[in-house]
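The values are calculated or read from the model by the stated rules, or taken from the named source; none is laboratory data. Everything quoted here is computed from the prediction, not taken from an experiment. Heads up, the Cβs are rebuilt from the backbone with ideal geometry, glycines too, and the neighbour counts pull from every protein chain shown.
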Amino acid sequence: MQAHHRTRHRILWIALALGGIAILVIALTNPYRAEVRNLLEGAGVEEPAQTNEQP
Amino acid sequence: MSVSYKAVGWNPFKRRYDIILLAIVVAYLALFTGITLAIHPAATVEIVLIRAFGTAGILLLHFILAIGPMARLDRRWLPLLYNRRHLGVTMFFLGFVHAFLAIVTYHAGGDTNPVVSIFVGDAGSGLGAFPFQAFGFFALAILFVMAATSHDFWLANLTAPIWKTLHMGVYVAYLALLIHVAFGVLQSELSVVYAALTVLGFAFLTGLHLVAGFRDRGIDRPVKGDPADDGFVEVCRVDEVPVDGAHGVSLGGERVAVVRWENKLSAVSGVCQHQNGPLAEGKFIYGCLTCPWHGYQYKPDDGRSPEPFTEKIPTFRIRVKDGSVWLHPKPNPAGTHVEPVVIAS
């Protein structure tokens with residue numbers, strides 16, 4: 001029972017670790033991010049405009 | 001149960017602990033706000049505060065998640081583990097203020113309900129449409145449930161296994177917050193500091209858990225040797241069990257604590273009923289094996305907590321032969337008395 005419990009925890013942690021790596025890789029290498037950063041750097045803006053505009 | 005359990009367990013140590021925690025949080029918020037406004041004088045105060053509370057919450061969450069494995073690697077971290085819930089509740093409040101300020105700043109000016117706007121306001125193009133705010137909301141909801149059920153009242157009423165499972169949700173909340181940060185601020189933040197800290201924080205936590213896990217693999221290595229005809233298995237030498245302490249072994253996948261007390265030997269489950277703490281690493285206090293994590297106590301001969309507490313853990317049949325300790329791998333029902341083996345002093 002204890003061993004089963006620990007195995008479940010280890011599977012959870014491995015899944016979270018792999019999920020975390022995938023999230024960071026996708027988030028930091030996607031073309032949208034590069035596009036936004038290029039625009040901001042080109043415009044000399046520190047942050048993107050944020051509005052309260054509703055869809 | 002705990003050595004010093006009280007219905008309202010407030011004591012000078014906890015007060016000092018909370019005052020120090022509050023002072024560190026306030027100092028961080030003040031420093032972050034001051035430095036950011038000094039570097040970016042054009043930044044609005046509300047955006048700086050959103051970031052100050054957000055980063056304070058994320059940093060505190062990393063610290064909270066590091067305490068568990070750090071305590072496995074070094075016992076000096078145990079006092080922090082004992083009061084980890086205070087950090088968790090503080091972290092929830094930091095996240096709540098961050099969310100409140102963000103909703104007021106970005107979602108309160110439109111026709112849509114501000115909370116609904118969190119879920120529909122990320123519309124855009126490509127990954128810019130990713131609903132990163134919804135993940136922040138989801139994480140905050142988990143942290144709220146954990147903060148609201150953090151008191152021992154809920155631990156006692158929900159029972160330890162359910163409470164512990166519920167509070168393992170912090171890992172899901174962490175993953176949701178990683179998505180919130182990675183697909184939120186990191187998409188448009190030009191400074192590499194945020195991205196670098198996020199990656200380093202994730203690598204630090206993952207590495208720490210891996211190292212602690214490898215250490216536990218050693219504890220879980222099953223004892224070798226063939227069982228006797230009656231099923232008993234030789235688990236260790238008598239002199240390996242410290243006086244007034246315990247020696248941990250792994251038997252049939254179960255952690256077992258062989259306890260030596262008053263020239264007697266007993267064997268109980270090596271897992272505390274409270275939060276699965278490592279009982280075999282506990283000390284022998286007031287006639288009981290005491291969990292190093294939160295001080296829950298069990299009598300070694302029957303695995304029961306002293307009156308009036310009702311916790312109980314399985315016991316194991318034990319015998320000593322030629323200086324070796326032998327255990328039967330089948331655990332007795334929790335709380336079953338087993339006559340201790342008397343050994344020479």
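Details
- Conditions (1) surrounded by fewer than 23 Cβ atoms within 10 Å (Cβ to Cβ); (2) touching a Pro at 6+ places or on another chain (Cβ under 9 Å); (3) farther than 21 Å from B:R221 by Cα: number failed by B:Y298: (1)
- Among residues of the stretch B:249-272, those that are part of a loop (DSSP other than H, G, I, E, B), in contact with a strand residue (DSSP E or B) (Cβ under 7 Å, 6 or more places away or on another chain) and surrounded by fewer than 24 Cβ atoms within 10 Å (Cβ to Cβ), counted: 1
- Selection of first residues in the stretch B:260-281 that are modelled with pLDDT of 85 or more and of a type in the set (K, R) and of second residues that are surrounded by 24 or more Cβ atoms within 10 Å (Cβ to Cβ) and assigned to a strand (DSSP E or B), restricted to Cβ pairs under 8 Å at least 6 apart or on distinct chains, gives the following pairs, ordered by first then second residue: B:R260/B:A246.
- Residue in the stretch B:225-234 that is of a type outside the set (F, W, Y), buried (at least 21 other Cβ atoms within 10 Å of the Cβ) and assigned to a strand (DSSP E or B) present: no
- Residues of the stretch B:171-185 satisfying the condition of being at the interface with chain A (Cβ under 7 Å from one of its Cβ atoms) and surrounded by fewer than 22 Cβ atoms within 10 Å (Cβ to Cβ): B:Y171, B:L175
- Search result, residues across the stretch B:318-331 that are assigned to a loop (DSSP other than H, G, I, E, B) and surrounded by fewer than 19 Cβ atoms within 10 Å (Cβ to Cβ): B:D322, B:G323, B:P329, B:K330
- Any chance B:G231 is closer than 27 Å to B:P161 by Cβ and in contact (Cβ under 8 Å) with a residue 12 or more places away in the chain: no
- Candidates B:M146, B:M168 - the one that is farther than 29 Å from A:E35 by Cβ, of a type in the set (A, V, I, L, M, F, W, C) and within 12 Å of chain A (Cβ to nearest Cβ): B:M168
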